[in-house]
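Below is one structure, written out as structure tokens, with a few remarks after it.
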Amino acid sequence: MRMYDIIQTKKQGNELSDKEIKYFVKGITDGSIPDYQISALLMAICLNGMTEHETFLLTEEMMHSGEVVDLSAFGNNTVDKHSTGGVGDKTTLIVAPIVAACGYLVPKMSGRGLGHTGGTLDKLESIPCFKTELTSSEFSSAVETCGMAVISQTANIAPADKKLYALRDVTATVDSVPLIASSVMSKKLASGAQNIVLDVTMGSGAFIKDLDSARKIAKLMVAIGKAAGRNTAAFITNMDVPLGYAIGNSLEVIEAVSLLKGEKIEDLKEVCISLAAGMIALVSNKDINTAKTIAAEALDSGRALEQFKRWINAQGGDNAFTEDFSLLPHAKLVFEYRAKSDGYIASMNTEIVGKASAVLGAGRTVQGESVDLSAGIKLLKKTGDCCHSGEVIALLYTSASERADSSSELLDAAIVFSNTAPAEQPVIYEYID
Ligand code: URA
């Protein structure tokens, strides 16, 4: 079999055989196929797509390219969630404690932020002494004793996806329905949970920009999960506006704890309750509305906050910061960003807002770069809010004033003002199960 012929087949828009897909994934994993041939096939897939059968097989092969975590000792009680990425997305820090507080087990592997999107691991690393690298037995024991654990995805989970994802990131081949679906699902299936809820983000701050593609990806991922014998459901959520008001690692931890303590942060609360309800509905077989009531009770009663504190301790962290946020990393400098005109904020290009946070130091442009855990943006106004020219609408947290200048220029480009109020947007578009 020759990689040249496989590329040619897909370039001509034809279906790859099972043998060809297996050969491709094996060659990625053992390093025998050079990056330029992998990239050429990725571009052909991006342009010509894949059939459902090809996508299922690609997922299965990538899932088995490394370790497959065995959580069968926990029976049907395990539930995981995954977001396709966004700006200000701190939902794991809230949703996992809600679900664990309801008695279900949340064993979760998370990743780092890249480009304009944030990653849960970076957020967790801003918590004093918190350990994101646990051995398999420490992971299982944290899940058993505390009901949840969130750790760094080990190098050996779906290594073929890791390699593909790094190449996709630099070859403009991220935005492909079969490539996103197989990438996400290979990791989720390998991570072992029996129930999986997917948060398919859609809008200017997400990889998926339109509802039609979001629906296709969500349905495909749900079908892949079910075909693999896992209960799977998906939400399509709004990422045309940053989620909540904080963007950046320690800032987002503060916002997550504030919500757990009862602060009103409407959009963030709605997404978290929905995702938690989706997880509870899958794992318990309850209907989604009953599950919403259960999730809301766990949050509003403070049980989720107590669960959060137990979890931080279980992974070696010091939970004193929940009572004193000054114990988290805090930025040397804070700059005010002011509105450029009177009127309503008509829209915010959320990808550019994410980049504006990244240039302050909160994000990385290449894998492996270190981030400033204290850097980021606190929005005071968002899409739909009214403001006056010169009013402070965001605070920029950073360690260097030139970073604040670059960030402000990006925000100038991202935020559009109008004399009329924009139409209200839903926070959740669809639930697919
Ligand atoms: N998240 C992933 O894990 N993979 C993708 O392809 C896109 C988002």
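Some values worked out for this structure:
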item: Subset of the range 19-42 that is touching a residue at least 40 places away in the same chain (Cβ under 8 Å) and out of contact with any Ser or Thr (no Cβ under 7 Å at 6 or more places or on another chain) - its residue that is surrounded by the fewest Cβ atoms within 10 Å (Cβ to Cβ); result: ASP35
item: Sole exception among (1) more than 28 Å from the chain's Cα centre (by Cα); (2) surrounded by fewer than 20 Cβ atoms within 10 Å (Cβ to Cβ) for GLU67, by number; result: (1)
item: Set LEU16, LEU58: member being more than 15 Å from THR171 (Cβ to Cβ), surrounded by 18 or more Cβ atoms within 10 Å (Cβ to Cβ), in contact (Cβ under 8 Å) with a residue 60 or more places away in the chain and among the hydrophobic types (A, V, I, L, M, F, W, C); result: LEU58
item: Meets criteria (polar (S, T, N, Q), over 21 Å from LEU373 (Cβ atoms) and in contact (Cβ under 8 Å) with a residue 12 or more places away in the chain) for ASN249; result: no
item: The listed residue being of a type in the set (Gly, Ala, Ser) and more than 19 Å from GLN153 (Cβ to Cβ), out of GLY66, GLY49; result: GLY49
item: Members of the range 159-175 that are over 17 Å from the mean Cα position of the chain (by Cα) and hydrophobic (A, V, I, L, M, F, W, C); result: ALA160, LEU164, LEU167, VAL170, ALA172
item: Residues of the range 32-49 that turn out to be over 28 Å from the mean Cα position of the chain (by Cα) and in a loop (DSSP other than H, G, I, E, B), as a count; result: 3
item: Top-ranked residue of the range 2-13 - restricted to ones that are part of a helix (DSSP H, G or I) and touching a residue at least 24 places away in the same chain (Cβ under 8 Å), ranked as farthest from the chain's Cα centre (by Cα); result: TYR4
item: Residue satisfying condition, being within 16 Å of the ligand (Cβ to nearest atom) and among the small types (Gly, Ala, Ser), within set GLY75, GLY86; result: GLY86
item: Those helices (runs of 4 or more DSSP H) lying entirely in the range 302-418 with at least 3 residues surrounded by fewer than 20 Cβ atoms within 10 Å (Cβ to Cβ); result: 303-314, 401-414
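Conditions (1) away from the ligand (no atom under 13 Å from the Cβ); (2) in a loop (DSSP other than H, G, I, E, B); (3) among the aromatic types (Phe, Trp, Tyr); (4) crowded, with 23+ Cβ neighbours inside 10 Å, marked per residue:
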{"site": "TYR165", "(1), (2), (3), (4)": "no, no, yes, no"}
{"site": "ASP175", "(1), (2), (3), (4)": "no, yes, no, no"}
{"site": "SER182", "(1), (2), (3), (4)": "no, no, no, yes"}
{"site": "LEU189", "(1), (2), (3), (4)": "no, no, no, yes"}
{"site": "VAL200", "(1), (2), (3), (4)": "no, no, no, yes"}
{"site": "SER204", "(1), (2), (3), (4)": "yes, yes, no, no"}
{"site": "ASP212", "(1), (2), (3), (4)": "yes, no, no, no"}
{"site": "LYS219", "(1), (2), (3), (4)": "yes, no, no, no"}
{"site": "ALA223", "(1), (2), (3), (4)": "yes, no, no, no"}
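To keep it simple, each residue is scored yes or no on (1) over 17 Å from LYS81 (Cβ atoms); (2) in contact with a Cys (Cβ under 7 Å, 6 or more places away or on another chain); (3) crowded, with 22+ Cβ neighbours inside 10 Å; (4) touching a residue at least 24 places away in the same chain (Cβ under 8 Å).
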position	(1), (2), (3), (4)
ALA96	no, no, yes, yes
VAL106	no, no, yes, yes
GLY115	yes, no, no, yes
SER137	yes, no, no, no
VAL143	no, no, yes, yes
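Read the figures in this text as sums done on the coordinates, not as results from a lab. These numbers were taken from a predicted model, which means no experiment stands behind them. Ideal geometry is used to build each Cβ from the backbone, glycine not excepted, and the neighbour counts take in all protein chains shown.
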